[in-house]
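The values are calculated or read from the model by the stated rules, or taken from the named source; none is laboratory data. Computed from a predicted model, the values in this text were never measured in an experiment. Glycine gets a Cβ as well: all are built from the backbone with ideal geometry, and neighbour counts include every protein chain shown.
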Amino acid sequence: MRFVGVDPATKTGFVALDERGEVLVEVELKGTGKVEKGGISISQLVSLEDQLYTLLLPGDEVVIEDAAPGTQRGITTGMIHGGLRSMVHRRKLRFNKLMPASVKKYVGVTGWKGEAGNKERMSGKEGKDAVAKAVVEHFGYTHKNDNIVDAYIMARIAMNLYHMRELNPPVDTYPYQIEVVNSILAKTE
């Protein structure tokens with residue numbers, strides 16, 4: 001059994017963990033083929049889908065990040081997310097979608113900085129750095145690629161989801177981690 005996290009984008013993060021939480025695969029997938037101005041070409045999309053399909057194995061527990069609300073490149077995002085989900089479905093694997101805010105929440109990152117009454121939203125690199133730092137603090141995991149870091153978090157969520165659904169005791173036990181997994185379990189009941 002493997003626990004898989006997928007962070008879909010033109011550069012897709014993919015992480016697979018074993019039953020002990022050890023990293024088996026950590027890779028960023030990028031579609032090859034003719035580049036299309038303003039989006040992803042069909043050859044790039046098919047290449048990206050093929051790469052994901054090849055990495056997925058029977059029995060994988062998969063968590064895939066959902067598209068962020070209000071994304072700037074809606075058509076490209078929709079094509080990528082839909083295509084990658086169809087590859088998971090073709091492998092006859094179930095998958096759970098998770099909003100980007102829940103991925104951050106799993107490692108205790110709210111996306112805000114500052115004191116109560118004077119908070120500001122973190123943006124861009126600052127938010128990615130906060131997530132990377134939190135992943136090190138929670139799990140001791142580091143990677144220079146933020147797509148892979150996000151996929152790692154989702155793989156951890158997949159592992160905890162399996163444990164809470166099938167075995168009962170969670171492996172990640174902070175209240176916000178349990179809350180994220182319980183929100184997935186509530187949708188699947």
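Quick notes on this structure:
- On the stretch given as the range 68-115, residues that are in a loop (DSSP other than H, G, I, E, B), of a type outside the set (D, E, K, R), out of contact with any strand residue (DSSP E or B) (no Cβ under 9 Å at 6 or more places or on another chain) and at pLDDT below 80 total 5.
- Criterion: within 24 Å of MET1 (Cα to Cα), crowded, with 17+ Cβ neighbours inside 10 Å and more than 18 Å from the chain's Cα centre (by Cα) - qualifying residue of MET164, MET154, MET122: MET164
- Filter pass, ASN118 being assigned to a strand (DSSP E or B) and modelled with pLDDT under 90: no
- Exclusive hit being of a type outside the set (Phe, Trp, Tyr) and either in contact with an Asp or Glu (Cβ under 9 Å, 6 or more places away or on another chain) or closer than 30 Å to SER41 by Cβ (or both), set LYS128, LYS187: LYS128
- Qualifying residue in the range 44-52 (condition: more than 16 Å from the chain's Cα centre (by Cα), assigned to a strand (DSSP E or B) and not aromatic (Phe, Trp, Tyr)): no
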